[in-house]
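Structure, as C-alpha cells:
Computed from the coordinates by the stated procedures, all read-outs in this text should not be read as laboratory data. This structure is a prediction, so every number in the text was calculated from the model and none was measured. Every residue, glycine as well, gets a Cβ built from its backbone with ideal geometry; the counts of neighbours run over all protein chains shown.
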C-alpha cells in the first residue's frame, strides 16, 4: 500500500471526492457543494492506494498555529478492518508533526470512536449531532 499527499484539483483529488461521496455522504443523502470544495484548497489531502485503486483518504485542516483538524476520513467498505485507516492516521500524524503542529482534533462519528481511542485519541465533551448522526470531539497531543 502506498500513502501520498494529494494536490487539490488533481485527478487523484477527484478520486478522493468520489470515495468521500460514496462512503461518507451518499449514505446520509448528502452531497458536496462547490463552495465546500473551494474551501479545501489550503487543506492537506492524503490517500492510500493499492496500485491505482484508492483505498482510503483523509485531510488535515489548520485550526491554529499548533492544531490541525482531521476531516473526511474514509476507507472503502470492502477493505475496512485491514489496517488502511490506521496507516492513514499514522501518515497524517507524521505530516502534522513534521509541519510543526502538536495536536490533532476531529469530530468523530460515534461508531468510529473505538477506532480512534485505540490510536490514542481522547473524547472531549458530550455527544453532539452533525450531518444527522452522533459525533464526539476527539483529540490527541502529538
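Could you list 67, 94 so that the one with the fewest beta carbons within 10 Å of its beta carbon is first and the one with the most is last?
94, 67
Per residue, how big is the convex hull around the C-alpha atoms of segment 2-104? Give it to me in cubic angstrom, could you?
It comes to 100 Å³ per residue, whole-number rounded.
Segment 1-47 to segment 68-125: how many Å between their Cα centroids?
Answer, in whole Å: 16.
In deg cm²/dmol, rounded to 500, what helix-only [θ] at 222 nm does the chain give when every DSSP H run of at least 4 residues adds -39500 (n - 2.57) and the total is split over its residues?
Mean residue ellipticity, 222 nm, calculated: -7000 deg cm²/dmol.
Within a 10 angstrom radius of the beta carbon, how do 22, 40 rank from fewest other beta carbons to most?
Fewest-to-most ranking of 22, 40: 22, 40.
Between residue 14 and residue 126, what's the calculated FRET efficiency when r is the beta-carbon distance and R0 is 41 Å? Round to 0.05.
The value I calculate is 0.65.
What whole-number volume per residue, in cubic angstrom, does the convex hull of the C-alpha atoms of segment 1-55 give?
Spread over its residues, the Cα hull of segment 1-55 gives 73 Å³ apiece.
Quick check: pseudo-label points 7 Å beyond the Cα along Cα→Cβ at residue 42 and residue 66, how many nm apart are they?
Result for the modelled spin labels: 2.0 nm.
Quick check on the exposure proxy: order 14, 52 from fewest to most C-beta atoms within 10 angstrom.
Listing 14, 52 from fewest to most nearby Cβ atoms yields 52, 14.
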